Amino acid sequence: FDGVPVLRGVDIDVRPGEVHALLGRNGSGKSTLMKILSGVHLPDAGSVELDGRPVVLDGPARAHELGVYLVPQEPKIFPHLTVEENLLVGTQLEPLAARERIKRYAAELGFDADLAEEAGGLTIANQQLLEIIRGLLRNARVLVFDEPTSTQTFREVDALFTVMRALAERGIGQFFI
């Protein structure tokens, strides 16, 4: 950034069902690396491969198409839209057709929000579950969690780790910053 190299010599793999933790000081490049993987930033060198083939992740929509979804540190919700509308925003999914998938994912992940309520009333933990379900609705094969525990209570952190284990059992690769 601004002529300063941020990432050099990085090589990282994730296989179905694996969970990798990325640790390091502030400014060490963890979030930058994951933003490249999720299409938020374009690399100026190197390559990204999925299933052994080079891909260009020139935006989050392309990353979603390829099965990579970033669960941001601060969930991106539209507070005056319903939970269901928030889940479906940016997709081509028909609400009635998607509702069964949403209910199944919600039950699996312990997301107990009413789909018809405004999303602005959700707890931070439920906002993160909403983001995870967004990724699942986009058929994510890799989920990137950007510091998801920074605003959670101990109980919410335990619940998140339970969710991450369940996702791993489903074969979803995960990066945890």
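Listing for the model above:
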quantity	calculated
Close pairs from region 41-60: first modelled with pLDDT of 90 or more, partner open to solvent by 100 Å² or more (accessible area, probe 1.4 Å) and not acidic (Asp, Glu), Cβ under 7 Å, at least 6 apart	Asp58/Leu42
Some residue of region 48-57 being in a loop (DSSP other than H, G, I, E, B) and within 18 Å of the chain's Cα centre (by Cα)	yes
Candidates Val4, Val40 - the one that is open to solvent by 60 Å² or more (accessible area, probe 1.4 Å), in contact with a Pro (Cβ under 8 Å, 6 or more places away or on another chain) and part of a loop (DSSP other than H, G, I, E, B)	Val40
Number of the exception - His64 against (1) farther than 30 Å from Asp114 by Cα; (2) within 13 Å of the chain's Cα centre (by Cα); (3) in contact (Cβ under 8 Å) with a residue 60 or more places away in the chain	(1)
Where Arg138 falls short, out of the listed (1) over 20 Å from Leu87 (Cα atoms); (2) touching a residue at least 12 places away in the same chain (Cβ under 8 Å); (3) open to solvent by 10 Å² or more (accessible area, probe 1.4 Å)	(1)
Total residues in region 56-93, condition closer than 30 Å to Val6 by Cα, hydrophobic (A, V, I, L, M, F, W, C) and open to solvent by 30 Å² or more (accessible area, probe 1.4 Å)	5
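The values are calculated or read from the model by the stated rules, or taken from the named source; none is laboratory data. Being a predicted model, the structure only gives us computed values, none of them experimental. Neighbour counts are summed over all protein chains in view; Cβ atoms, including those assigned to glycine, are modelled from backbone coordinates with ideal geometry. All accessible areas refer to the heavy atoms of the entire protein, side chains included, with ligands and DNA or RNA removed. Shrake-Rupley method; radii C 1.70, N 1.55, O 1.52, S 1.80 Å.
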